[in-house]
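Report on the structure given below.
The values are calculated or read from the model by the stated rules, or taken from the named source; none is laboratory data. Quick caveat, the model's predicted, so the values are computed rather than measured. In this analysis, Cβ positions are derived from the backbone assuming ideal geometry, glycine residues included, and neighbour counts consider all displayed protein chains. When the accessible area is computed, the model is the full protein with side chains, heavy atoms only, and any ligands, DNA or RNA have been set aside. Shrake-Rupley method; radii C 1.70, N 1.55, O 1.52, S 1.80 Å.
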Amino acid sequence: METPRMKSWRSLIAWLRPAQAPFPESETRTSQADASGWPLRLRLLLSVLFALSPIAIASVMQAFIRANDDTADVHERLVQTALAASTQEENMLAAGEQILRALANIPRVRDASVGCSADLRDTLRGLKFFTNIARIDARGRVACAAINKAQGLSMATLPIWKVVRSAPDIIVTSHLTSSVSHRPVLALFLPMR
């Protein structure tokens, strides 16, 4: 008895596939391109890009608008924070200005006569945020002061003195080091005319 011949696996499954006739090379090229010569994939890609471009442009514009709005919001918050932080200092400066204007109307302080230093000392007792109050004459010398060590000192050597002499109203300086208290201070000058 003779054994039947075995067929390979490939020849067993080959009958499941339909037979395909090979295309000539020229037919393959024409089937992948239309009459204009553009491949199908490229046409599909360009169609999708063209369809999505308005959405992409709108998204970019919206991002720029949002960034501008966020910048404006941050700026507004910074301004509000700065105002809230400076309120106490503004109140101190406004109070200092009012005190200087009130002292300028007292005849003994205005004339730098006897009793001027006593009036300034009495005023300084109730003020915690003032280190000294002084009346300076036209030459820049301290005529009277709440702290006796300050009397006779010359302010004419300070660079701010020229500005104070020609100022029409109150002047607030930047940080100075007080020659009396040896601490950083802000000086308020009220020219008396």
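Some observations on this one:
- Taken over segment 166-176, the criterion of being open to solvent by 90 Å² or more (accessible area, probe 1.4 Å) and assigned to a loop (DSSP other than H, G, I, E, B) is satisfied by 168 alone.
- Flag if residue 163 is part of a strand (DSSP E or B) and farther than 17 Å from residue 104 by Cα: no
- Counting only residues that are open to solvent by less than 80 Å² (accessible area, probe 1.4 Å) and within 22 Å of residue 98 (Cβ to Cβ), segment 177-193 holds 8 of them.
- Boolean, residue 190 is touching a Leu at 6+ places or on another chain (Cβ under 6 Å) and in contact (Cβ under 8 Å) with a residue 12 or more places away in the chain: yes
- From the list 55, 99, 13, the one residue that fits, being assigned to a helix (DSSP H, G or I), open to solvent by less than 100 Å² (accessible area, probe 1.4 Å) and either at pLDDT 85 or above or within 30 Å of residue 135 (Cβ to Cβ) (or both), is 99.
- Residue 128 vs. criteria open to solvent by 40 Å² or more (accessible area, probe 1.4 Å), in a loop (DSSP other than H, G, I, E, B) and out of contact with any helix residue (DSSP H, G or I) (no Cβ under 9 Å at 6 or more places or on another chain): yes
Rundown of residues vs (1) out of contact with any Ser or Thr (no Cβ under 7 Å at 6 or more places or on another chain); (2) within 17 Å of residue 179 (Cβ to Cβ); (3) hydrophobic (A, V, I, L, M, F, W, C); (4) without any contact (Cβ under 8 Å) to a residue 12 or more places away in the chain, yes/no style:
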| site | (1), (2), (3), (4) |
| --- | --- |
| 88 | yes, no, no, yes |
| 94 | yes, no, yes, yes |
| 97 | yes, no, no, no |
| 101 | yes, no, no, no |
| 105 | yes, no, no, yes |
| 111 | yes, no, no, yes |
| 136 | yes, yes, yes, no |
| 142 | yes, yes, yes, no |
| 152 | yes, yes, no, yes |
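- Test result for residue 90, over 19 Å from the mean Cα position of the chain (by Cα), of a type outside the set (A, V, I, L, M) and part of a helix (DSSP H, G or I): yes
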